[in-house]
Amino acid sequence: MTSQHSTGRGPGRRIPLLAAAATGILALALSGCTGQGTSTSNSDTGSGGKITLTFWNGQTGPDGPAMNKVIDAFNKSQSKVAVKSVTMPWDTLYQKLLTGAASKGGPDIVALDFTQLPKYASQGLFQPLDDYYKDSAHDTDTLPKAATTASVYDGKNYGVPFDIATTMMYYNKTLFKQAGLDPDKPPTTWDEFAAMVPKLTKTPAGSSKPDQYAIALADNNTVDMYPQFLWNTGGGIVSEDNKKSLLDSPETLKALDFWVDLVKNKQASPIGLSGADADKLFNSGKAAIEINGPWATTGYKDAGIDFGVTRPFAGPDGNALLASVETMALPAKDDDATKQAAYKFFDYWTSNDAQLTWAEGSGFPPLRSDDNAKITGNPYPAIFGAKDVVDDSRLLNPGIASGATIVNDVFYPSLQKALNGDGSVEEIFTAASKEVQADLDKDK
Amino acid sequence: MTRTAWLFLTPSLVVLIAFTVYPMIQAGYLSLTNYNLIRAAQWVGFANYRQLFADPAFWNAFENTVIYAVGVTPVTVVLALLLAIFLNRQFVGRGFVRTAIFLPFIVSLGIIAIAWSFLLDPNIGLVSYWLGKVGLVSKQGLLSDPHWALPAVMFVGVWKNVGFYMVMYLAGLQSIPGDLQEAARLDGANAWQRFRSVTLPLLSNQTMLVSVMALIASLQAFDQIYVMTHGGPFFRTETLVMLIYREGFQNLQFGYASAISWVLLIFVFLLSILQFGYFQRRQVRY
């Protein structure tokens with residue numbers, strides 16, 4: 001759920017909610033009786049002292065093959081450590097994580113979204129990896145700061161980055177042309193976008209329901225799209241020191257007023273979309289714009305959409321965009337030998353060679369930005385990893401134990417309430433702000 | 001004699017104790033602690049219960065659960081009875097219709113709910129399309145419409161279970177001796193009078209069983225809600241079991257989730273006792 005929880009990202013990350021739920025229910029039913037796979041996986045030390053590490057991840061999309069290519073190369077590169085990848089939908093992974101990572105048969109390395117990490121770290125599920133960063137044998141200085149700090153909770157670093165992704169604006173050039181707009185001039189500010197909404201949202205004669213929308217903005221179970229709007233008026237959900245709720249600040253309310261009006265009254269986007277719904281809408285040419293990560297390019301290309309990717313339109317007071325980081329964490333039960341073996345894999349994964357393979361195959365920006373120029377087979381890593389894009393990117397609620405709860409159980413439900421007209425923006429978010437503050441105070 | 005009886009009972013007793021009684025008691029203990037599955041449970045007394053009764057999320061889920069149960073239970077029971085009476089007659093294709101109505105019960109509710117989500121999808125859904133044809137347009141689809149989401153999942157709940165209760169009623173109907181109906185007919189009773197004074201009283205056993213089971217099932221509504229709405233939009237479809245899941249598996253508060261489970265358990269227990277008491281007094285034997 002889980003989601004729950006930014007239910008993972010991307011196709012496969014953001015697997016259709018339904019399929020995820022189905023596997024979720026199956027997993028719930030099965031997890032009582034079976035562990036993951038053959039349950040012999042706890043860093044088997046085979047003959048000759050070879051350690052096999054079980055690596056849980058959610059790369060079920062087109063990024064899976066790219067990851068497996070790197071893992072295969074790692075396994076061939078040396079004889080002491082082998083990594084066995086276990087890929088499952090994110091929903092399933094989070095459902096199994098708690099029991100899995102605490103038990104012997106569970107994973108030795110877990111990839112997870114940075115927003116989920118503090119919750120588990122605060123419960124003692126993972127071990128701090130500060131020694132990895134301190135030891136100069138591991139080349140961590142040139143990794144992007146946003147990626148390495150995403151896994152910091154309570155002063156300790158619990159993860160090594162698996163990937164970093166920025167979210168950009170996808171726009172459908174065909175729909176722009178049909179609306180009489182220049183397909184090479186996507187909106188660069190909120191006001192420009194607002195002016196385009198009447199042209200891009202189309203309602204058939206005699207109906208009150210549009211059959212095409214200017215943008216697909218998801219308000220539940222999604223890669224976060226709305227939160228960056230809050231940043232760009234100078235507001236936000238939580239202050240940068242993680243201490244104060246900003247949901248009732250005048251800046252935040254200004255952003256929310258603007259977007260609730262645009263979506264609710266001007267039908268810029270349908271209400272009640274999940275991330276998967278939003279993808280579907282853009283994928284079927286029924287939405288002109290979507291904000292999404294690099295994982296979406298393959299699917300949209302396959303669907304035959306003529307799209308461009310550019311920076312999302314800037315707000316009146318900023319042009320921050322959302323980045324998300326997946327991090328690799330080690331369960332607290334891992335012993336020292338397992339940990340050292342995992343460090344070998346971390347070294348390899350973050351190396352230039354591996355990152356080149358990964359970026360080329362997945363479309364994600366590489367963790368070594370000096371690699372950007374070397375990627376020739378795929379245009380997207382350079383776009384999503386461009387210096388100005390990465391520099392302006394921000395993480396949502398890093399290092400807050402209840403960070404995911406705040407977003408999914410307070411922010412989105414409140415937003416849905418406002419979009420459905422169940423109270424004024426100010427009323428709803430003043431109340432929501434109190435809930436967020438209570439959650440933050442509880443974490444202290 | 002008693003030893004033999006115990007021996008026969010042992011297999012089911014073992015299963016019952018291991019999978020029902022023990023977890024129940026364990027949950028009762030956990031509800032008095034703070035527990036996250038990893039660290040040892042910390043005793044907190046009744047703090048979870050105090051927190052619970054002051055928690056608006058709990059009362060919201062409680063309200064949704066009651067609405068769900070009050071809506072779904074009578075509709076399911078009455079519909080099951082009507083279908084049973086209808087399908088107790090002879091007509092061509094009876095077997096097919098019976099099977100068609102029973103079928104949803106056999107298929108996993110999770111899978112069925114996925115199918116319904118597609119049918120109700122605002123853009124590609126067949127049912128949404130039909131509703132649109134007759135002028136019932138929901139801009140955002142029933143499942144994300146705060147007024148329609150709960151009725152939609154309630155409908156799926158009824159549709160899923162009605163076939164099973166219908167079969168129970170069918171069995172009951174077939175056990176009513178034909179001579180009773182015949183005697184009533186000879187005495188000049190019309191169809192309604194026969195139904196009212198012969199059929200219905202003789203089905204009171206089935207009605208009791210079906211009502212109790214249907215009520216318990218609806219108080220435990222979870223699967224289709226989890227799949228179709230995830231409790232949304234803004235918790236409008238979050239039932240108590242959904243809340244238990246959210247607090248336990250998503251927020252890692254297993255102690256608190258256990259406390260909600262126990263409140264639900266007691267609530268179900270009390271309602272079941274009331275139902276048994278009510279039907280016991282009305283039971284008819286000829």
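Only the coordinates and a few stated rules stand behind these numbers; no lab work does. If you're wondering where the values come from, they're calculated on a predicted model, not measured in any experiment. Please note: Cβ atoms are built from the backbone with ideal geometry, for glycine as well, and neighbour counts cover all protein chains shown.
In straight-distance terms, cross-link reach from A:Lys333 covers every one of the lysines whose alpha-carbon lies under 24 Å from its own, apart from those fewer than eight places away in the same chain; here that gives A:Lys50, A:Lys80, A:Lys84, A:Lys96, A:Lys104, A:Lys119, A:Lys134, A:Lys156, A:Lys344. The angle separating the long axis of helix B:109-120 from the principal Cα axis of greatest extent in chain B is about 80 degrees. Taking other residues whose beta carbon is less than 13 angstrom from the beta carbon of A:Ala342, and scoring Lys, Arg as +1 and Asp, Glu as -1, yields -1. Dipole magnitude for the protein assembly as shown: computed about the Cα centre from +1 point charges on Lys and Arg Cβ and -1 point charges on Asp and Glu Cβ, it is near 2700 debye. The simple Förster model, with R0 at 30 Å and r as the Cβ-Cβ distance, assigns B:Val15 and B:Ala41 a FRET efficiency of 0.70. Near A:Val81, the amide H atoms lying under 5 Å from its own belong to A:Ile51; only residues 5 or more places off or on other chains count, and H is placed 1.01 Å from N.
The phi torsions of segment A:295-300, fed into the Karplus equation with coefficients 6.51, -1.76 and 1.60 and a -60° offset, translate into couplings of 5, 7, 4, 4, x, 5 Hz, rounded to whole numbers, with Gly and Pro shown as x. Charge tally around A:Lys374: other residues with Cβ under 15 Å, Lys/Arg +1 each, Asp/Glu -1 each, net -3. Computed from backbone phi, the HN-Hα couplings of segment A:214-221 come to 5, 8, 10, 10, 8, 10, 6, 6 Hz, rounded to whole numbers (Karplus: 6.51 cos²θ - 1.76 cosθ + 1.60, θ = phi - 60°; Gly and Pro given as x). For the pair segment A:90-119 / segment A:361-407, the C-alpha centres are spaced 23 Å from each other. Each label point was placed 7 Å from the Cα along the Cα-to-Cβ direction; for B:Val78 and B:Ile176 their separation is 1.8 nm.
By the helix-only formula, in which each DSSP H run with n ≥ 4 contributes -39500 (n - 2.57) and the sum is divided by residues, chain A has a 222 nm mean residue ellipticity of -11000 deg cm²/dmol. Of the residues A:Ala329, A:Thr99, A:Gly235, the one whose Cα sits farthest towards the positive end of the charge dipole of chain A is A:Thr99 (charges of +1 on Lys and Arg Cβ, -1 on Asp and Glu Cβ, taken about the Cα centre). By the count of neighbouring beta-carbon atoms within 10 Å, fewest first, A:His138, B:His230, B:His147 end up ordered B:His147, A:His138, B:His230. In terms of surrounding Cβ atoms within a 10 Å radius of their Cβ, B:Val241, A:Val436 rank from fewest to most as B:Val241, A:Val436. Taking the longest Cα principal axis of chain A as reference, the axis of helix A:352-362 is set at about 40 degrees.
When +1 charges are put on Lys and Arg Cβ atoms and -1 charges on Asp and Glu Cβ atoms, the dipole computed for segment B:94-210 relative to its Cα centre reaches about 140 debye. A convex hull fitted around the alpha carbon atoms of segment A:82-145 yields 136 Å³ per residue. Its residue count N sets the reference 2.2 N^0.38 Å, and the alpha-carbon radius of gyration of the protein assembly as shown equals 1.05 times that reference.
For chain B, the relative contact order is 30 percent, taking Cα pairs closer than 8 Å that sit 6 or more residues apart in sequence and dividing their mean separation by the residue count. The radius of gyration of the Cα set in segment A:323-444, together with its Dmax, comes out at 20.3, 57 angstrom.
When both segment A:295-317 and segment B:147-165 are represented by their alpha-carbon centers, they are found 39 Å apart. Against the empirical 2.2 N^0.38 Å (N residues), segment A:107-171 has a Cα radius of gyration ratio of 1.22. Close amide H partners of A:Asn220, meaning residues 5 or more places away or on another chain with modelled amide H under 5 Å apart, are A:Gly275. A prolate overall shape is assigned to segment B:166-286, the ratio a/c of its alpha-carbon gyration tensor axes (a ≥ b ≥ c) being 1.5 or greater and a/b exceeding b/c.
For segment A:185-333, give me the percentage of DSSP beta bridges that are antiparallel, rounded to the nearest 5 percent.
Counting DSSP beta bridges with both partners in segment A:185-333, the antiparallel share is about 40 percent.
A straight Cα-to-Cα reach below 17 Å connects B:Lys139 with the aspartates and glutamates A:Asp211, A:Asp219, A:Asp261, A:Asp277, A:Asp422, B:Asp121, residues fewer than 8 places away in its own chain not being considered.
What does the convex hull of the Cα atoms come to per residue for chain B, in Å³? Provide the component values of the computation, followed by the final result.
Numbers: hull volume 57.1 nm³, N = 286.
It comes to 200 Å³ per residue, whole-number rounded.
Could you tell me how far the Cα centroid of segment B:97-140 sits from the Cα centroid of segment B:215-286, in Å? About 24 Å separates the Cα centre of segment B:215-286 from the one of segment B:97-140. In this simple spin-label approximation, B:Gln51 and A:Lys199 carry label points 7 Å from Cα along the Cα→Cβ vector, and these lie 5.4 nm apart.
Fewest neighbouring Cβ atoms within 10 Å first, the residues B:Phe58, B:Phe118 line up as B:Phe118, B:Phe58.
Counted over the protein assembly as shown, the DSSP beta bridges are approximately 65% antiparallel. Amide H to amide H distances under 5 Å link A:Phe307 with A:Lys173, where only residues 5 or more positions off or on other chains count and H is placed in the peptide plane. Estimated from helical segments only, the mean residue ellipticity of chain B at 222 nm is -21500 deg cm²/dmol, where each DSSP H run of four or more residues counts as -39500 (n - 2.57).
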